[in-house]
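S.K.: Please find one structure pasted underneath; my questions will follow.
The values are calculated or read from the model by the stated rules, or taken from the named source; none is laboratory data. If you're wondering where the values come from, they're calculated on a predicted model, not measured in any experiment. Virtual Cβ from ideal backbone geometry, glycine too; neighbours counted across all protein chains shown.
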Amino acid sequence: MSSGAVPVIGLTVVLLFSACSQKQDSAPSPPSASSEPVVAPAVPPSAGQIETAVVDFKPVQPELVLVGKIAYGEDRYSKISSPLQGRVVEVRAKLGDRVEAGATLLVIDSSDITAAYSEFVKEASELEYSTRAQELAKELYATKALALKDLKQAENDLIKARAEFRRAKERLLSLRIPAAELEKPLAQQRITSRFEMKSPLTGTVVERAVTPGQSVGGDVGQVLFTVADLDRLQVVADVYERDLALVKVSQVGRINVEAYPGTDFASVVASIGDVVDPNTRTIKVRAWVDNRDQRLKPEMFARLRLDIGDATPFLTIPKEAVVEIDGKHFVYVVDGADHYSKHEVTVSNVSSGQVRILEGLTSGQRIVTKGAVLVKGQEVKG
């Protein structure tokens, strides 16, 4: 077989070996001229230890393989901290709980709310007084009973009272007091010092760093909960700038992780970064992956495989079929029942448990696909 195949630089080719595995008692193929006969073992390996298959050309899809890790989806997780000081009186969410957007995570008793509401009540009273004073000043000025400068003073006092009331109201709104509650008359308002911290999105509690009785300081850097959508994650991978033209947004691919060897998780490229890392000469690529079965976990090592170009037929065999002896690669071709010949081969592009044969085999030959090391061992004994 010719060895003139052109290598694809920067790419990894997944080699698919679709020949049906069979036991070693199938009809043999003639050995090649370069074969070395191997004497049949005196005690053949038991059934099932050795399997064979016919070598054939199969279409192989060239692909670009990017290394990265599993991460939360952008805008699909939130680190939650308390906007005010206080003491935690109740924690309603546990680690691993699934929560809906708007669900209460914890309750805080805060003197900040008490102080802010007291200020709000004070400014509401001041506004009511200033409003009446300005209306009375207008009436007195109309009857020449009040000087113009006194009317202007009343109007300025009203402007100031409105600004102070608005500031006090905005402070309460920043503490998550419902706006509808503040629109009610003061006598009907039901505002307490209790603050309910709610989840901003539907997801799973993946981090919890708070307990009942704990004091919180209103520091945005003090993360109490992290809620993330684990049903849809992303893989964040690096692509070398020389391969950037091969990657497109919405490009379909597959993700593989070490925890589930041989399993492909469908993915779609979500975004391509705009900045090249000056040290690695790579750009960040993000791809969505469905995770409703919750098998993928953030921070898992992952490979993102993207199809590029058209499928090309190659002669491929399982990696297990190849044995290495003194730096050379060999496969065992079936010559008869429990009889094999050793063929030196040239291989390339090891990927997904498959190797591409450049020289040493031809289509139609039957080789040992499982148990080649056993045959090698019997050869050494012989």
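S.K.: Quick test for you: out of Glu241, Glu183, Glu196, pick the one residue that is surrounded by fewer than 20 Cβ atoms within 10 Å (Cβ to Cβ), touching a strand residue (DSSP E or B) at 6+ places or on another chain (Cβ under 6 Å) and over 13 Å from Val99 (Cα atoms).
M.R.: The unique qualifying residue is Glu196.
S.K.: For region 82-91, give me the residue count where each residue is within 13 Å of Val210 (Cα to Cα), of a type outside the set (Val, Ile, Thr) and crowded, with 17+ Cβ neighbours inside 10 Å. Let's see the steps before the verdict.
M.R.: Initial filter on region 82-91 (within 13 Å of Val210 (Cα to Cα)): 82, 86-91.
Those still in the list that are of a type outside the set (Val, Ile, Thr) too: 82, 86-87, 90.
Among the residues that remain, those that are also crowded, with 17+ Cβ neighbours inside 10 Å are: 82, 86.
Residues flagged as within 13 Å of Val210 (Cα to Cα), of a type outside the set (Val, Ile, Thr) and crowded, with 17+ Cβ neighbours inside 10 Å within region 82-91 amount to 2.
S.K.: Restricting to region 347-382, and then to whatever is within 12 Å of Ile317 (Cα to Cα), out of contact with any helix residue (DSSP H, G or I) (no Cβ under 7 Å at 6 or more places or on another chain) and part of a strand (DSSP E or B), can you tell me which residue is modelled with the highest pLDDT?
M.R.: Residue satisfying both the conditions and the ranking: Arg366.
S.K.: In the set Gln188, Gln214, Gln222, which member is polar (S, T, N, Q), more than 30 Å from Phe265 (Cβ to Cβ) and in the same structural domain as Tyr117 (by TED's automatic domain parsing)?
M.R.: Gln188
S.K.: Which ones in region 152-180 are under 30 Å from Ala103 (Cβ atoms) and touching a residue at least 40 places away in the same chain (Cβ under 8 Å)?
M.R.: If the condition is that a residue be under 30 Å from Ala103 (Cβ atoms) and touching a residue at least 40 places away in the same chain (Cβ under 8 Å), then Ala168, Lys169, Arg171, Leu172, Ser174, Leu175, Arg176, Ile177 are the ones that fit.
S.K.: Any residue that is assigned to a loop (DSSP other than H, G, I, E, B), among the basic types (Lys, Arg) and surrounded by 12 or more Cβ atoms within 10 Å (Cβ to Cβ) - is there at least one of those in region 164-180? Break it down into steps so the answer makes sense when it comes.
M.R.: Step one: of region 164-180, the residues assigned to a loop (DSSP other than H, G, I, E, B) are 175-178.
Among the residues that remain, those that are also among the basic types (Lys, Arg) are: 176.
From what is left, the residues that are surrounded by 12 or more Cβ atoms within 10 Å (Cβ to Cβ) are 176.
Taking every residue of region 164-180 in turn, at least one turns out to be assigned to a loop (DSSP other than H, G, I, E, B), among the basic types (Lys, Arg) and surrounded by 12 or more Cβ atoms within 10 Å (Cβ to Cβ).
S.K.: Among the numbered conditions (1) free of Cβ contacts under 8 Å to residues at least 24 places away in the same chain; (2) among the aliphatic types (A, V, I, L, M); (3) surrounded by fewer than 18 Cβ atoms within 10 Å (Cβ to Cβ), tell me where Ala266 comes up short.
M.R.: Evaluating Ala266 over (1) free of Cβ contacts under 8 Å to residues at least 24 places away in the same chain; (2) among the aliphatic types (A, V, I, L, M); (3) surrounded by fewer than 18 Cβ atoms within 10 Å (Cβ to Cβ) leaves (1) as the failure.
S.K.: Right, here's the next one. Kindly evaluate Lys319 against the criterion of being free of Cβ contacts under 8 Å to residues at least 60 places away in the same chain and within 18 Å of Gln234 (Cβ to Cβ).
M.R.: Judged against the criteria, Lys319 is not a match.
S.K.: Moving on to the next point. Just checking, how many residues over region 243-291 are in contact with an Asp or Glu (Cβ under 6 Å, 6 or more places away or on another chain) and outside any loop (DSSP other than H, G, I, E, B)?
M.R.: So the answer is 2.
S.K.: Considering only residues that are without any contact (Cβ under 8 Å) to a residue 40 or more places away in the chain and of a type in the set (Val, Ile, Thr), look in region 274-308 and name the one that is surrounded by the most Cβ atoms within 10 Å (Cβ to Cβ).
M.R.: Across region 274-308, the extreme among qualifying residues is Val276.
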